[in-house]
Protein chains: 2
Amino acid sequence: MRISYEEMHKELTRILIKHGLERERAVLSARLFADASRDGIYSHGLNRFSAFVRAIELGDVKVDAKPTLDADLGVIERWNGNRGPGNLNAYACMQRAIALAHEHTFGVVGLKNTNHWMRPGNYGLMAAEAGCIGILWTNTLPNMPPWGGQDAKLGNNPIVFAIPNGEDPVLLDIAMSMFAYGKLESYARQGRELPVDGGFDKEQRLTRDPAAILETQQALPFGFWKGSGLALALDLVGAAISGGRTTCEVGELPRETEVSQVFMAIDLRRMPDSEAYAKKVKTTLQDLQTAIPRDPQHPVTYPGQNMMRVRRDNLLHGIPAEEAIWNAVKEM
Amino acid sequence: MRISYEEMHKELTRILIKHGLERERAVLSARLFADASRDGIYSHGLNRFSAFVRAIELGDVKVDAKPTLDADLGVIERWNGNRGPGNLNAYACMQRAIALAHEHTFGVVGLKNTNHWMRPGNYGLMAAEAGCIGILWTNTLPNMPPWGGQDAKLGNNPIVFAIPNGEDPVLLDIAMSMFAYGKLESYARQGRELPVDGGFDKEQRLTRDPAAILETQQALPFGFWKGSGLALALDLVGAAISGGRTTCEVGELPRETEVSQVFMAIDLRRMPDSEAYAKKVKTTLQDLQTAIPRDPQHPVTYPGQNMMRVRRDNLLHGIPAEEAIWNAVKEM
């Protein structure tokens, strides 16, 4: 089934108000969920909404909490998320990084003590729409074994790069695990094999079987030792900038909360060569697409290139939704 | 054979002076080569020295050129490398980023029109020794097919993260290809198979055979689509900050030169919680090492952890060198 963007937004707003969010904040939070589904990131849109509501009910997400300024270190600002809704905190901090970039060309905001930000691409797109490069990442609870180890010591710490390019920005949104657990579940439900190794089975062999990885919870860092090192580096840099918990310290809590995030913005319009740069981006992306494809049916694309097509389609025909999930939301 | 650090440094200095570098610059450049070999990065130390001298002879590297300030954008400075020696340019720009961080907590330097920086870890360690987190990357000529493509459209754009930790900093130094071409050559010379897939053979199948990849020059981005996207993002962000060429534009030149680099430093000593952070880093690294190892002979380590052991050993017993390479250098 397909749900119109407006209907989805209205339903989610209603439920958030019912769970105690101020109207304006409920409207924004619901919009961020609907935007994710609109852009095809269903796992972090509608499909994640009930988990968010559960986190409110458990007290992990404090509906009234707003981010407060902890320290002004010039180009870096540190904000405390006060365990408020992760998407509202992230939205506020990306906005602040953009404002700093408008003032100083480069803006950096560290956010500690926050909750899962849902779809990070939303905040990258905010930067791109404001004429800024956006670079942002989060840590998570320990959910990925380091390379060479069997037990989860690292977070899969997703990072986003957004680069303005007219209506078709570059949007790279990658976790440090080869596949997110949500993706593994979706492959398992469909009985499909992963396209490449995604983790370890209980005999500690690399496998493409999503169910076997869900059983061991041993997801593979992407690029083996490289993604493992990157997850550690992002965690330590994020904790330095935000003053917040590392993944190891998030792991001391009963459930994932009080995570640390970084939001960087670079204002391209303040650059002396902003027009030349915009052309350079176009040329580079066009050149990439002239690569000889491995599969003639699949020309090479840049990250985010297909998203705008999905968005236009979903706005026109409605957003695809699983009937059970939509019905459950309507009952909330 | 093993060469003492002092002897290696003296020999390399002599040759650089002979090729026109001012004494002081020759001493520093030679030191950066010797430091790489001292730390076990032989491929970018002594073993790369003759290629550097060839680049001087070809006129790609201009021995007298020094970096000049192009634009002061507040926290970002843009420098022009004027095609000077890549390691001297990178050294100067990392120093400048550290000075900016000492002043503003965060410092960013973009460097355009420079040459291969040899071992990037050197500049990361400079930051760590100055009490700063260092984040730096470069682009390269097109040398890696994007995910889904067969011909080189991306650079393998190495990135470094350095995080201070007393005598044992974290030092992550990774290219966006699963294996550097130098590494593939070394495996091929030894007739060894790669531990994981490293690229495509001429039937366009993924392979662990280093010789087959050297034949097609189709190195694999690490983590498939993820490393491919990251290589593109780093290239575009680097060109934005430096005002320099993207990989695609470097590819218009007959050989690799005029590359673009970024140097970031974050001064931890200016942070209100610098002591607490230092403890947090120690705790996180210790926790990582308690992971249950896949192979009981190989406990989990953090990036850079083994380097200091190699350094101490090489300073004590001399730096391992291939006899043919050392003899050729002595003849130069």
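Values in this text are rule-based calculations from the coordinates and carry no lab data. Owing to the predicted nature of the structure, the values given are computational and were not obtained by experimental measurement. Note that we place each Cβ from the backbone using ideal geometry, even for glycine, and neighbour counts take in every protein chain shown.
Across chain B, the mean sequence separation of Cα contacts (distance under 8 Å, 6 or more residues apart), normalised by length, yields a relative contact order of 21 percent. Counting beta carbons within 10 Å around each of B:Y187, A:Y5 and listing the fewest first gives the order A:Y5, B:Y187.
Pairs exceeding a 26 Å alpha-carbon distance, out of A:K153/A:K183; A:K112/B:K280; B:K62/B:K330; A:K66/B:K282: A:K66/B:K282.
Mean residue ellipticity at 222 nm, helices only, the protein assembly as shown: -13500 deg cm²/dmol; runs of at least 4 DSSP H residues each add -39,500 (n - 2.57), and the sum is divided by the number of residues. Oblate is the label for region B:193-309. Its Cα gyration tensor axes, ordered a ≥ b ≥ c, give a/c of at least 1.5 and b/c at or above a/b.
With distances taken between every two different alpha-carbon atoms, region B:76-164 has a Kirkwood hydrodynamic radius of 13.8 Å.
Rounded to whole Å, give me the distance from the Cα center of region A:66-110 to that of region B:113-166. Value for the Cα centre distance between the two parts: 28 Å. For the segment A:127-139, counting C-beta atoms of other chains within 10 Å of every residue's C-beta and taking the mean gives 1. In the protein assembly as shown, the inverse of the mean reciprocal separation of distinct Cα atoms equals 25.6 Å; this is its Kirkwood hydrodynamic radius. In a simple Cβ point-charge model (Lys, Arg +1; Asp, Glu -1; nothing else charged), region B:222-332 has a dipole of about 560 debye relative to its Cα centre. Taken residue by residue and averaged, Cβ atoms of other chains lying within 10 Å of the Cβ of B:168-176 number 3. Taking other C-beta atoms within 10 angstrom as a stand-in for reagent exposure, A:D313, A:D39, A:D60, A:D235 fall in the order A:D313, A:D60, A:D39, A:D235, fewest first. Ordered by the number of other Cβ atoms lying within 10 Å of each residue's own Cβ, fewest first, B:L12, A:L100, A:L285, A:L253 fall into the sequence A:L253, A:L285, A:L100, B:L12. Per-residue mean of foreign Cβ neighbours for A:282-290 is 5 (Cβ atoms of other chains, 10 Å radius). Using Cβ point charges alone (K and R +1, D and E -1), the dipole size of region B:130-211 about the Cα centre works out to roughly 200 debye. Each Cα pair under 8 Å and six or more residues apart adds its sequence gap; the mean of these over the residue count of region A:90-147 is a relative contact order of 31 percent.
The charge dipole of the protein assembly as shown, taken about its Cα centre with unit charges on the Cβ atoms of Lys, Arg (+1), Asp and Glu (-1) only, comes to about 200 debye.
According to the square roots a ≥ b ≥ c of the eigenvalues of the Cα gyration tensor, what is the shape class of chain B, taking rounded for a/c under 1.5, prolate for a/b larger than b/c otherwise, and oblate for the remainder? It comes out rounded by the Cα gyration axes. Our note on the geometry: Cα centres of region A:1-21 and region B:291-315, 52 Å apart. Per residue, the convex hull spanned by the Cα atoms of region A:246-308 amounts to 196 cubic angstrom. With the charge dipole of chain B set up from +1 on Lys and Arg Cβ and -1 on Asp and Glu Cβ about the Cα centre, the Cα lying farthest toward the positive end among the listed residues B:I76, B:N314, B:W225 is that of B:N314. Show log10 I(q)/I(0) for region A:1-117 at q = 0.16, 0.19, 0.22 Å⁻¹, two decimals, from a solvent-free Debye sum over equal Cα scatterers. Computed log10 I(q)/I(0) values: -0.76, -0.98, -1.16. For region A:133-191, relative contact order (Cα pairs under 8 Å, six or more residues apart, normalised by length) works out to 27 percent. Longest span of chain A, sites excluded, free of GluC sites (Glu not before Pro) in DSSP loop with at most 15 other C-beta atoms within 10 Å? Segment A:23-192 is the longest. For chain A, set up a Gaussian network in which alpha carbons nearer than 10 Å are linked by springs, and say which option among A:N314, A:N306, A:N82 fluctuates the most. Of A:N314, A:N306, A:N82, the Gaussian network model singles out A:N306 as fluctuating most.
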